[in-house]
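The next block holds one structure in the form of structure tokens; read it before the comments.
Each value in this text was obtained by applying a stated rule to the coordinates, not by laboratory testing. Only a predicted model underlies this, so the values are computations on that prediction, with no experimental measurement involved. Methodologically, a virtual Cβ is constructed for each residue, glycine included, from the backbone with ideal geometry; neighbour enumeration extends over all protein chains shown.
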Amino acid sequence: MKKNKILVADDDMITLTSITSGLSDAGYLVVSAQDGRSAVQLGLREKPDLALLDIRMPGISGIEAARELKAEGGISTLFLSAYSDHDMVESATREGALGYLVKPVNTQQLIPAIEAALKRARDLQQLRQKESDLLGAIHRNREISVAVGIYMQRFDADEQSAFEAIRRYARSRSLKLATLSSQLVNEIDIRDDLFREIYQYDLQHR
């Protein structure tokens, strides 16, 4: 079973040592840093499943580090702080924090919060993937529609005939319809000749 990797960042060495030791003993892979900038660099290199960041650190704050980790690496964050501060909680929430714990914390308190955050991070990743797949499908369908429209206009064809002509040609070249449509719509230097080639092929193979 894959071990989850946790990035822990805290400028207090005693707290950092206690947390990293406890999480390692609990079976997690742990990488650690003592300031925000190092946390970002380490996180982007190690690609942890979750970042556990102290909010107040030298250099850049935990909130700033979380912003960079999320934007550049898609890494989710659970925050630690010695302060139960409403404004801090609001700032952490705006940066997409999956949780907020007030120090001191022990391993028994951390593990349930980490497991809940990891599950939420996985759910968010799956949601982002679904959104990406949907946007990709919409884009591909748009290109197919545009290619069909251009064919209709150039060769005075109805929509069904234009679609079948492009699909028939794609099959003859072992191309996906979306791939051929992308070439027809986006590759301006070849699309005129390619449209004519599709038209001639369709005349011969109807």
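Under a Cβ-Cβ cut-off of 12 Å, what is the net charge of the residues other than TYR201 that fall near it, where Lys and Arg count +1 and Asp and Glu count -1? In short, +3.
By the count of neighbouring beta-carbon atoms within 10 Å, fewest first, LEU78, LEU118, LEU98, LEU44 end up ordered LEU44, LEU118, LEU98, LEU78. Pairs exceeding a 30 Å alpha-carbon distance, out of LYS3/LYS176; LYS70/LYS103; LYS130/LYS176: LYS3/LYS176. Between the helical axis of 107-155 and the dominant principal axis of the chain, each derived from Cα atoms, what acute angle in degrees is found, rounded to the nearest 10? Rounded to the nearest ten degrees, it is 20. Under 5 Å from the amide H of ALA33 lie the amide H atoms of VAL8, ALA9, ASP10, each residue being 5 or more positions distant or on a separate chain, with H modelled from the backbone and absent for Pro and chain starts.
Considering only TYR151, THR107, ALA97, the residue lying farthest towards the positive end of the dipole of the chain is TYR151, judged by Cα position with unit charges set on Cβ. The share of Cα pairs per 5 Å bin across the range 134-205, counted from zero up to the longest distance, runs 3, 19, 31, 29, 14, 4, 1, 0 percent. Note on the chain: helix-only mean residue ellipticity at 222 nm, from DSSP H runs of 4+ residues weighted -39500 (n - 2.57) and normalised by residue number, equals -22000 deg cm²/dmol.
Quick check for you: which residues of the range 34-70 have the amide N under 14 Å from the point 7 Å beyond the Cα of LYS5 toward its beta carbon? Correct set: 40-52. In a simple Cβ point-charge model (Lys, Arg +1; Asp, Glu -1; nothing else charged), the chain has a dipole of about 780 debye relative to its Cα centre. Annotation: peptides 149-158, 24-33, ranked by per-residue average of other Cβ atoms within 10 Å with the highest first, follow the order 24-33, 149-158.
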